[in-house]
Amino acid sequence: MKKLIYAYVMASTAVAGFLAAPAFAASNDPGAIQPSGSIDSSASAFTWASIKTLAGSVITIMLFIAGFVAVAYLVYNGIQYITSAGNADKVKAARAGIINAVIGIAVISAAYFIVNFAIGIGKGASQIVNSPTTIK
């Protein structure tokens with residue numbers, strides 16, 4: 001159990017390290033790049049397009065994390081299979097874990113492609129609805 005908790009903490013730390021973004025602080029340096037233009041206060045901060053983009057990003061990140069966990073589970077069970085030393089119970093448990101991990105990877109991959117397809121359809125539909133048309 002301690003090994004499983006350790007593996008979870010290490011995987012979470014690795015994922016958090018990949019998702020960390022740099023902070024861009026304001027500068028008082030006159031030579032620094034300054035934003036141009038003005039902020040339109042009449043514009044809404046959130047639009048349907050931004051909400052769809054945010055939802056798509058969150059779902060994609062969750063699927064990548066699930067994929068990472070499934071691959072880690074596959075590797076863990078592979079190591080258990082290799083180190084079973086011929087013990088029938090350990091071999092059976094490791095083989096079941098490998099099969100479950102492969103099924104999980106297949107389901108996660110299918111979900112990723114379905115979500116990207118649905119997001120693509122949603123973006124295409126919003127472009128069609130929001131596109132200006134001219135009647136001649």
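Across region 56-66, computed HN-Hα scalar couplings (Karplus, 6.51 cos²θ - 1.76 cosθ + 1.60, θ = phi - 60°) run x, 5, 5, 5, 5, 5, 5, 5, 5, 5, 4 Hz from first to last residue, x flagging Gly and Pro.
Look at Lys3, Lys90 and count the other Cβ atoms within 10 Å of each Cβ; fewest to most, that gives Lys3, Lys90.
Label-to-label distance for Val75 and Ala111 is 2.1 nm, based on points extended 7 Å past Cα in the beta-carbon direction. Fully extending the segment from Thr83 to Asn100 would add 4.2 nm, taking 0.36 nm per residue of separation and subtracting the current Cα-Cα distance.
Quick note: the coordinates plus some simple rules give every number you see, no bench work behind them. From a predicted model like this one, the values you see are computed outputs, not experimental measurements. With ideal geometry, Cβ positions are generated from the backbone for all residues, glycine too; neighbour counts draw on all protein chains shown.
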